[in-house]
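Everything on this sheet refers to the single structure shown next.
The values are calculated or read from the model by the stated rules, or taken from the named source; none is laboratory data. These figures come from a predicted structure and were not determined experimentally. Neighbour counts run over all protein chains shown; Cβ positions are idealised from the backbone, glycine included. Areas reflect the complete protein model, heavy atoms only, side chains present, ligands, DNA and RNA absent. Shrake-Rupley method; radii C 1.70, N 1.55, O 1.52, S 1.80 Å.
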Amino acid sequence: MKFTLAAARVNRKMTQEYVASQVGKSKITIQNYEYGKSIPDIETGKKLAALFGLTVDDIIWSPTDNIFLPSDCALSTTDKE
């Protein structure tokens, strides 16, 4: 993520409970998003983006995220450029 959900939330002085109430999810679900245990569906992603003043791309994907490919794939995470 370009902006971690936790950083976006803390920078805006919001609690997990508040964020959960604004997007219709539980505090545990918000914790799971922040810890990377799950990701928001697109509708929740839109709500989170609007709440934090970010884009959906900002909160669900970043080019620096680790991408793991199968070892038999033509490209692998061990390939060097």
| task | Can you tell me which residue within segment 1-28, out of those that are polar (S, T, N, Q) and open to solvent by 40 Å² or more (accessible area, probe 1.4 Å), is modelled with the lowest pLDDT? | result | Thr4
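What number of residues within segment 44-60 are exposed (fewer than 13 other Cβ atoms within 10 Å of the Cβ) and either at pLDDT 95 or above or under 10 Å from the mean Cα position of the chain (by Cα) (or both)?
Keep residues of segment 44-60 that are exposed (fewer than 13 other Cβ atoms within 10 Å of the Cβ), which gives 53, 57.
Imposing the further condition that a residue be either at pLDDT 95 or above or under 10 Å from the mean Cα position of the chain (by Cα) (or both) reduces the set to 57.
Total meeting the criteria: 1.
Could you list, in sequence order, all residues of segment 18-42 that are touching a residue at least 12 places away in the same chain (Cβ under 8 Å) and among the acidic types (Asp, Glu)? Give the steps one after another, and end with the answer.
So the first thing to find is which residues in segment 18-42 are touching a residue at least 12 places away in the same chain (Cβ under 8 Å), and the list is 19, 22-25, 30-31, 33-34, 39-40, 42.
Listed by number, the list holds a single entry, Glu34.
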